[in-house]
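Worksheet: the structure to be examined is printed underneath.
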Amino acid sequence: MEKFEVNKDKCLGCGVCTVNCPGGVELDTDGKAKVIDSDKVSGCGGADVCPHGAIEKKEA
Ligand code: SF4
């Protein structure tokens with residue numbers, strides 16, 4: 001199964017990913033996004049959930 005994570009250096013905290021993939025990504029207390037369900041992110045389009053390239057596929 002694919003795993004995704006947020007590259008916090010690239011994340012702008014814009015929240016677009018939480019709209020594109022509710023339940024897959026949420027904004028963390030630091031104002032950046034975090035992946036809470038990789039399967040959901042995968043179903044929402046994977047890395048494309050973030051238009052800024054901050055969601056990256058984790059190599060297994
Ligand atoms: Fe915005 Fe991408 Fe960060 Fe989500 S992961 S808050 S879409 S920059």
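Couple of notes before you dig in:
- Residue count for segment 1-12, restricted to those that are more than 13 Å from residue 38 (Cα to Cα) and surrounded by 13 or more Cβ atoms within 10 Å (Cβ to Cβ): 5.
- Test result for residue 42, hydroxyl-bearing (Ser, Thr, Tyr) and free of Cβ contacts under 8 Å to residues at least 40 places away in the same chain: no
- Any hit, segment 5-27, residues being in contact with a helix residue (DSSP H, G or I) (Cβ under 8 Å, 6 or more places away or on another chain), assigned to a loop (DSSP other than H, G, I, E, B) and free of Cβ contacts under 8 Å to residues at least 24 places away in the same chain: yes
- Tabulated pairs, segment 47-60, first free of Cβ contacts under 8 Å to residues at least 60 places away in the same chain, second surrounded by 14 or more Cβ atoms within 10 Å (Cβ to Cβ) and acidic (Asp, Glu), C-beta under 7 angstrom, 6+ apart or interchain: 47/56; 56/5; 58/5
- Within segment 51-60, the residues that satisfy the criterion of being in a strand (DSSP E or B) and within 12 Å of the ligand (Cβ to nearest atom) are 55, 56.
- Of all the listed residues (30, 48, 39), the sole one being modelled with pLDDT of 95 or more, open to solvent by 40 Å² or more (accessible area, probe 1.4 Å) and either among the small types (Gly, Ala, Ser) or outside any helix (DSSP H, G or I) (or both) is 30.
The values are calculated or read from the model by the stated rules, or taken from the named source; none is laboratory data. Predicted model, so just to flag it, every value in this text is computed and none were measured. Cβ sites come from the backbone with ideal geometry, for glycine too, and all protein chains shown count toward neighbours. To get the accessible areas, we keep the full protein, side chains included, count just its heavy atoms, and leave off ligands, DNA and RNA. Shrake-Rupley method; radii C 1.70, N 1.55, O 1.52, S 1.80 Å.
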